[in-house]
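Taking it in order: structure first as structure tokens, then the write-up.
Nothing in this text is a laboratory measurement; each read-out follows from the coordinates by a stated rule. Remember, it's a predicted structure, so these values are computed and weren't measured experimentally. Reconstructed Cβ throughout: ideal geometry from the backbone, glycine too, with neighbour counts over all protein chains shown.
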Amino acid sequence: MSTVLIIEDEPELSRVLRSYLEQAGYTVLLAGRGDTGLATWEQRRPDLALLDLNLPGMDGLSVARQIRRSSDPALANTPIIMLTARVEETDQLIGLEVGADDYILKPFSPRVVMARVRALLRRAEAAPQANRVLRALDLEIDLDAHTILRAGQPIEADSRPLTPTEFNLLAFMAAHPGRAFARSQLLEAAQGEASTGGHAPVLYDGYERAIDAHIKNLRAKLEPDPKKPRYIETVFGVGYRFAKK
Ligand code: CA
């Protein structure tokens, strides 16, 4: 069943929406601030976001903009319904301009929200899946086919294919160019759970060395010169990051 993220700072409103959504079988995530809502969206990858316009932390328009700017295509396409108490038409237009799929004026009936949620999720499912291709520097990483082009050429041409672990590591880091990740975060990503931290993973002995070994193998297959990595940079005292340029 689908997961819906509610980013709304009025607890009573969240509570009502949540109970309607849960009764309809949806999994519900709640955030009471724009910034925490954005973090939850990134970590939990909901199928749809109900987004209030006036929020503490970060306003709803900025949240919507950040979502649409994600370099991970699957995340960037998250359906968004804006909830707005403002009556000015310009606010609604701006909401649609920054990429919201729909907006609902407050006060609203939960039934209306439910109908819009269903309609939007149906539309998202029916839409032909856009090619989920991540572009970073001169790499094109096809998240479905698990293939990688470097400057338009398959990298497998001159090396062995990436293992699923190596592929997951690369896709995770390349989705956030310039951002440093600790080995513990990379360990989670390597196991295929898209998470950008926030909670500590289960650690096991030697996980740091395990990540280092995966990175070494990844570089050997990916980097034209593994001794001078151009894609996967070491961040001393932290871990690794995908180069920004
Ligand atoms: Ca509000």
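Values as computed for the structure displayed
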item: FRET E, pair Lys244, Leu105, Förster distance 30 Å, beta-carbon r, rounded to 0.05; result: 0.15
item: Viscosity 0.692 mPa s, 37 °C: Kirkwood-radius Stokes-Einstein D of the chain over Cα pairs, µm²/s; result: 168 µm²/s
item: Sites Asp142 and Arg44 - FRET efficiency at Förster radius 22 Å, r taken between beta-carbons, to 0.05; result: 0.40
item: Cα-Cα separations in the range 3-124 greater than 16 Å, expressed as whole percent; result: 55 percent
item: Calculated FRET value between Asp212 and Leu121, using beta carbons and R₀ = 35 Å, to 0.05; result: 0.25
item: Zone of Ala24's modelled label, taken as backbone nitrogen in the range 49-75 under 17 Å from a point 7 Å along Cα→Cβ; result: 49-52
item: Exposed-site-free run, longest, the chain (rule: chymotrypsin sites (Phe, Trp or Tyr not before Pro); DSSP loop; at most 15 other C-beta within 10 Å); result: 1-107
item: Separation of the Thr234 and Asp59 label points, Cα + 7 Å toward Cβ, nm; result: 4.6 nm
